[in-house]
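**Q** I have a structure I would like to understand better, so I am pasting it below and will then ask my questions one at a time.
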Amino acid sequence: MSKRRVAGWVLAAGILVAGGITIVDWWQGRMPGKPYELDKACSGTAYDGAKPFAGGGPHPIAVFMESDAGHLEHNSLYQSDGSSWPPSDPRDSDEVQLVACATVTNEEPTSGSMCAYGIGSPSVPIAMVRATYQVRVYELRTHREVLSTLVEGLDTECPPAISGSFTPDRLLSEPTSDQWRKVLGDLVDKDR
């Protein structure tokens, strides 16, 4: 093979590699289509295509909370009257400016609070534990932390059902809608 042909192959390979890096960088920082796909923001991913956390409110937020199984789940928050809190339920990830990430830092047994699941007899009893969450809120565009606080989950109501594929060894209490509004309200509703 001639030196010219080898040089051509090396140049072509270099262009492909450089182009591949550009594609990989673009793919990693691209905005997913739905808010529930923004969970990577909790582990450090910034989305430079996101709207900045600035200007007039409301500032739409995607909320993720650690589940009984130990992974982050997307949650829509509700108002005291049971209706959806619109800034916490955006339909498109392009609207989101903030992401809230709640991870369990402590679990305390509750006094005999049990939830029973199953059809017929015997039902499966599962203990409810009082969970405390570290809530961190980040600007989606920069991953700049704008809030960090501890919240004790006061909602100990048994969920209506559990997944058939996963039976947890305990159920975690969760922050109530009022608690979420108290923690996130100023960030979401006020002008910046």
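**Q** Going through region 135-192, which GluC sites (Glu not before Pro) have at most 13 other Cβ atoms within 10 Å and a DSSP loop state?
**A** Passing sites in region 135-192 are GLU157.
**Q** Could I have the simple spin-label model distance between ALA127 and ASP94, label points 7 Å from Cα toward Cβ, reported in nm to one decimal?
**A** 4.9
**Q** Also, I was wondering about something else. Expressed in nm to one decimal, what extension gain is obtained for the pair SER113 and ARG144 from 0.36 nm per residue of sequence separation less their Cα-Cα distance?
**A** Length difference between fully extended and current span is 7.3 nm.
**Q** Could I ask something else about it? Could you list the trypsin sites (Lys or Arg not before Pro) in region 77-183 that lie in coil according to DSSP, counting only those with at most 16 other Cβ atoms within 10 Å of their Cβ?
**A** Loop-located and lightly packed - ARG91, ARG144.
**Q** Taking the Cα centre of region 33-189 as the origin, how large is its charge dipole in debye, to the nearest 20, when only Lys and Arg (+1) and Asp and Glu (-1) carry charge on their Cβ atoms?
**A** Around 160 debye, computed over region 33-189.
Only the coordinates and a few stated rules stand behind these numbers; no lab work does. Predicted model only: the values in this text are computed from it and were never measured. Glycine gets a Cβ as well: all are built from the backbone with ideal geometry, and neighbour counts include every protein chain shown.
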